[in-house]
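Structure record follows, encoded as structure tokens.
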Amino acid sequence: MLQIRDVDCYYGEAQVLKSFSLAAEPGEILCLLGRNGAGKTTALKAIMGLVPARRGSILLDGAELTALAPHDVPRQGIGYVPQGRRLFSDATVMENLKVGLMTRQSGPEVLAHVLDLFPLLKERLTQRAGTMSGGEQQMLAMARALCINPRLLLLDEPTEGLMPAMIDRIRQSVLDLKAHGVTTLLVEQRVDAVLPVADRVAFVENGRVTGVEPAAELAADRRLIDRYVGI
């Protein structure tokens, strides 16, 4: 599915990813866990072409992504929900969704499926995105990404700042996507936020993946978490 091999990324002359390597399997929920500044968000941006890789390879089902312009990456079937959501706040819910639909010319059946996953949005199609609550905006950001009918979904801190009830909704949405075969790469800082949904957890430190462990084993033995991040 997704193969990241020995990727180096920089902001100016400051190197952020250092021989970053990771693999995600079809239908897997893989979490990137680490402290602020570890390189988690940069890894997602590298996949999307927003931070170019100076070295290494990023493959989706064998197709090289690093040679593509950023606007061509979503057309390969990659949905991205960045931290902060980045919605068109003055546009309606439906207008935001149409942006996703146009990316890969998705049909009405895709929209219907997305609205089944997020039924609350059916009632808000004419509402301006900027007037919605934080949790509702997060749902819309995920729905817009799903409107491209992705094979791979990248989520950057999707539960940040949300109430517990909305966090549960987001978690359930991720599990629903897994049931439909979507691979999810999930960035988080909080262990307890990811263990209930993740299949595996990749620990990121100083721009490198320092270990990958099954989430079930981490939940059973928290000493493994201490070994990687000292939480």
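Please treat every number below as a calculation from the coordinates, not as lab data. It should be emphasised that the depicted structure is a prediction, and the values quoted were computed from it without experimental measurement. When we count neighbours, we look across all protein chains shown, and the Cβ atoms used for this are built from the backbone with ideal geometry, even at glycine.
The alpha carbon centroids of the stretch 7-44 and the stretch 170-231 are separated by 14 Å. Exposure proxy shown here: for GLU95, GLU136, the number of other Cβ atoms within 10 Å sets the order, fewest to most, as GLU95, GLU136. Taking 11 Å as the cut-off, the amide N atoms of the stretch 190-231 that come nearer than this to a point 7 Å along the Cα-to-beta-carbon line of LYS18 belong to 205-209.
Packing-based ranking of 183-190, 64-71 yields 183-190, 64-71, ordered from highest to lowest mean Cβ neighbour count within 10 Å.
Label separation (GLU25 vs TYR11): 3.4 nm, computed from points 7 Å beyond Cα along the C-beta direction.
With contributions of -39500 (n - 2.57) from each DSSP H run of at least four residues, the per-residue ellipticity at 222 nm computed over the chain stands at -9500 deg cm²/dmol. The per residue volume of the convex hull around the alpha-carbon atoms of the stretch 81-150 is 75 Å³. The peptide list 17-23, 199-205, 163-169, put in order of mean Cβ contacts within 10 Å with the highest first, becomes 199-205, 17-23, 163-169.
Computed about its Cα centre, the charge dipole of the stretch 60-122 is approximately 180 debye, with only Lys, Arg, Asp and Glu carrying charge at their Cβ. For the chain, the fraction of alpha-carbon pairs lying more than 28 Å apart is 28 percent, rounded to a whole number.
By the count of other C-beta atoms within 10 Å, a proxy for reagent exposure, TYR80, TYR11, TYR228 are ordered fewest to most as TYR11, TYR228, TYR80.
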